[in-house]
Amino acid sequence: MITDLEKIRNIGISAHIDSGKTTLTERILFYTNRIHRIAEVRGKDGVGATMDHMELEKERGITITSAATHTEWNDHHVNIIDTPGHVDFTIEVERSLRVLDGAVLILCGVAGVQSQSMTVDRQMKRYKVPRIAFINKLDRSGANPRKVVDGLREKLRHNAVLMQLPIGLENDFGGVIDLITMKAMRFHGDNGEDVVLEDIPADMQGEAEVAREEMLDAVSMFSDELMEAILEEKVTEELIHEAVRNGVLALDLTPVYLGSAYKNKGVQPLLDAVTAYLPSPLEVENTGVDLSNDEQSIVIDSEPGKPLVSLAFKLEDGRYGQLTYIRIYQGTMTRGGNIFNARTKKRHKIGRLVRMHSNDMEEIEEAAAGDIVALFGIDCASGDTFTDGSVDVAMSAMHVPDPVISVAIKCTDQKAQANLSKALGRFVREDPTFRTQVDQESGETVISGMGELHLEVYVERMKREYQVELETGAPQVAYRETISQRADYSYVHKKQTGGSGQYGKIAGYMEPLTDGNEFEFSSEVRGGSVPTEYIPSVEKGFAQMLDKGRLIGFPVIGVKIVLNDGQSHSVDSSDNAFQAAARGAFREIYGKAKPVILEPVMKLAVEGPIEFQGAVIKTIMQRRGNVIGTTEDDGFCTIEADVPLSEMFGYATDLRSVTQGKAEFTLEFSKYSPVPGDVKKELMEKYQDRRQVDDEE
């Protein structure tokens with residue numbers, strides 16, 4: 001068990017897609033002796049990178065699920081999570097950042113700060129994760145680290161400071177100059193494993209001294225001692241390290257390191273920086289909520305001797321069975337011991353406790369606060385808190401975005417239905433952004449997720465891992481309905497069919513909610529005109545109607561319903577009668593409240609050569625897009641726009657066609673907005689046609 005918490009680093013590696021995250025992780029594992037051979041991401045050697053253990057990841061050259069591993073460097077224990085770059089798998093990034101103490105933000109030395117870098121940076125800020133930056137791919141044509149640092153400052157508002165200078169660039173990239181030790185570092189050996197310190201090349205001495213001055217100016221803001229030492233010309237390496245660390249922990253400084261992971265250059269100094277500047281679990285304040293005290297916020301201490309508090313942040317159903325990744329915040333977890341799920345109130349026995357290394361594992365006897373480990377055979381959901389039962393505490397929940405796209409699926413072979421159910425059950429447990437439901441009208445199974453690629457990957461996994469061949473329908477956008485004005489209701493539900501009848505009268509109003517909530521119900525009934533026991537029945541009746549709006553059959557959101565009057569009958573009133581009254585009232589007033597259809601609008605960022613700018617903008621305008629801004633830099637342009645998701649299907653093909661395959665784009669959910677009148681009319685007609693067909697069948 002690791003007991004010296006000061007020597008633990010829980011870090012994530014995050015960046016824009018194709019910035020070299022997995023390649024970097026592979027080098028880190030090699031230099032720290034966790035693996036003894038470097039494999040490449042796209043599996044040219046038939047092996048694939050260690051952290052991309054899924055077949056699909058190796059084939060596509062992308063990371064789909066985050067993978068966990070651990071290693072040792074400078075006498076420190078480092079837990080590493082390699083996270084996906086594609087925005088469709090954003091939940092993996094969110095999960096990782098929630099449980100990490102620090103992160104390495106990787107940027108491409110050529111493309112610089114890209115749109116996904118901004119998304120990842122926003123997520124890091126949300127979880128207050130201190131970070132250091134690594135500018136990768138300096139061996140590539142067009143690499144310019146100073147431009148990337150400017151991008152960090154201007155686009156991400158980082159106080160970025162270069163800690164190194166490159167020795168040559170592109171094909172001539174030969175190493176880095178460390179501005180603290182003022183030594184040149186070169187990386188020799190077959191895999192760059194031999195770090196050789198040399199004097200700074202004479203032609204770079206002046207440039208290095210200027211860069212060191214700039215670095216000292218920036219970092220001295222975080223240490224009075226260093227500032228004094230600079231004035232007295234008594235600067236020491238220790239004082240600089242301390243100042244940089246202060247700045248990083250305060251989230252006010254981003255030290256920038258340079259290299260090329262693919263060419264095996266610059267990785268070891270980055271590892272030194274991880275252990276020197278990123279926080280230990282003791283230096284991060286973690287908070288939870290006290291369930292026994294009205295969910296008051298409390299600080300969780302990273303103390304192995306205190307009661308256990310831990311968070312399940314990732315579930316995986318792999319070849320070893322159900323695996324639950326756990327971050328231990330307080331206390332100690334022991335194999336054979338008992339843990340208590342704060343949500344389900346169920347007790348579980350820990351059968352196996354393991355430390356993960358990508359797809360392999362090591363059995364351990366116990367683990368303590370600050371560590372990241374995995375458990376077997378524990379039934380839970382992602383985001384559950386486990387304690388030892390002596391405290392009633394929950395860690396705050398992770399931010400989980402709602403799905404924006406759906407696809408109907410059907411088995412081509414009915415015998416595979418059982419396997420399909422198994423696959424869906426597993427994926428829903430593992431990934432909170434992946435949902436499934438059966439459409440009540442068509443009887444079709446519908447899966448929902450964060451984008452086309454997200455759903456495509458799950459369909460492919462069902463085929464490969466569960467042998468389920470599927471037919472998929474056209475992608476369906478997750479529309480919503482809402483109301484735009486207040487409407488009053490007064491409705492009587494009265495039925496007499498022999499024996500006791502049904503009677504319920506309700507009155508009140510419905511109005512739009514402006515605080516972002518989906519549904520709010522309140523009772524302002526005075527004098528018992530609606531008996532207290534029937535008020536929940538009224539709420540239930542209204543809530544039932546919100547599942548399916550009356551314009552196009554999608555859920556209704558942003559509605560407040562107030563009940564302020566009514567009437568009951570001593571014999572004929574019942575729970576069912578008041579629920580029916582609420583449903584009837586809703587049908588009657590929904591149209592009067594001027595309902596509108598909302599559609600998901602995506603934030604689109606297209607990056608490509610400047611000569612295609614006009615053609616790209618045209619593709620956006622053709623899709624009802626609204627261009628928010630364009631930036632041009634060194635022959636390249638970035639176009640940002642808001643575009644309805646319904647118009648974006650097949651965009652990758654169109655973009656490739658108009659830019660000769662030289663541009664790329666990212667798409668991220670932005671907001672829900674009302675659809676234009678003609679689109680509303682078209683959607684309503686389609687819905688009516690569909691209903692008519694269903695009725696005829």
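At a glance:
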| quantity | calculated |
| --- | --- |
| All positions within the stretch 657-681 that are of a type in the set (Asp, Glu) and open to solvent by less than 90 Å² (accessible area, probe 1.4 Å) | GLU664, GLU668 |
| Residues within the stretch 462-487 that are without any contact (Cβ under 8 Å) to a residue 60 or more places away in the chain and either of a type in the set (S, T, N, Q) or surrounded by 15 or more Cβ atoms within 10 Å (Cβ to Cβ) (or both), tallied | 5 |
| Test: residue in the stretch 229-251 that is within 28 Å of the chain's Cα centre (by Cα) and not in a helix (DSSP H, G or I) | yes |
| Filtered residues of the stretch 352-387 (kept if open to solvent by 40 Å² or more (accessible area, probe 1.4 Å) and in a loop (DSSP other than H, G, I, E, B)) | ARG352, ASN359, GLU365, GLY377, ASP379 |
| Test: GLU588 is outside any strand (DSSP E or B), acidic (Asp, Glu) and in contact (Cβ under 8 Å) with a residue 40 or more places away in the chain | yes |
| Residues being surrounded by fewer than 19 Cβ atoms within 10 Å (Cβ to Cβ) and at pLDDT 80 or above - total across the stretch 443-457 | 3 |
| Candidates ILE81, ILE106, filtered to the one that is assigned to a strand (DSSP E or B), in contact with a helix residue (DSSP H, G or I) (Cβ under 7 Å, 6 or more places away or on another chain), at pLDDT 80 or above and open to solvent by less than 10 Å² (accessible area, probe 1.4 Å) | ILE106 |
| Residue match in the stretch 18-39 (condition: among the hydrophobic types (A, V, I, L, M, F, W, C), open to solvent by 10 Å² or more (accessible area, probe 1.4 Å) and modelled with pLDDT under 70) | no |
| Total residues in the stretch 496-510, condition open to solvent by 30 Å² or more (accessible area, probe 1.4 Å), of a type outside the set (S, T, N, Q) and touching a residue at least 60 places away in the same chain (Cβ under 8 Å) | 2 |
| Sole exception among (1) free of Cβ contacts under 8 Å to residues at least 24 places away in the same chain; (2) of a type in the set (Lys, Arg); (3) assigned to a strand (DSSP E or B) for LYS671, by number | (1) |
| Residue within the stretch 558-578 that is part of a helix (DSSP H, G or I), under 43 Å from the mean Cα position of the chain (by Cα), in contact (Cβ under 8 Å) with a residue 40 or more places away in the chain and surrounded by fewer than 18 Cβ atoms within 10 Å (Cβ to Cβ) present | yes |
| Failed item in (1) in contact with a Leu (Cβ under 7 Å, 6 or more places away or on another chain); (2) more than 26 Å from ARG690 (Cα to Cα), with HIS454 passing the rest | (1) |
| The stretch 339-355 residues that are over 18 Å from MET395 (Cα atoms), paired with ones that are among the aliphatic types (A, V, I, L, M) and not in a strand (DSSP E or B) (beta carbon under 7 Å, 6 or more apart) | HIS348/ILE378; LEU353/ILE364; VAL354/ILE364; ARG355/ILE364 |
| Lone unmet requirement of (1) among the polar types (S, T, N, Q); (2) at pLDDT below 80; (3) in contact with a His (Cβ under 9 Å, 6 or more places away or on another chain) for GLN440 | (3) |
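The values are calculated or read from the model by the stated rules, or taken from the named source; none is laboratory data. Owing to the predicted nature of the structure, the values given are computational and were not obtained by experimental measurement. Reconstructed Cβ throughout: ideal geometry from the backbone, glycine too, with neighbour counts over all protein chains shown. Calculation scope for accessible area: heavy atoms of the full protein, side chains included, ligands and nucleic acids excluded. Shrake-Rupley method; radii C 1.70, N 1.55, O 1.52, S 1.80 Å.
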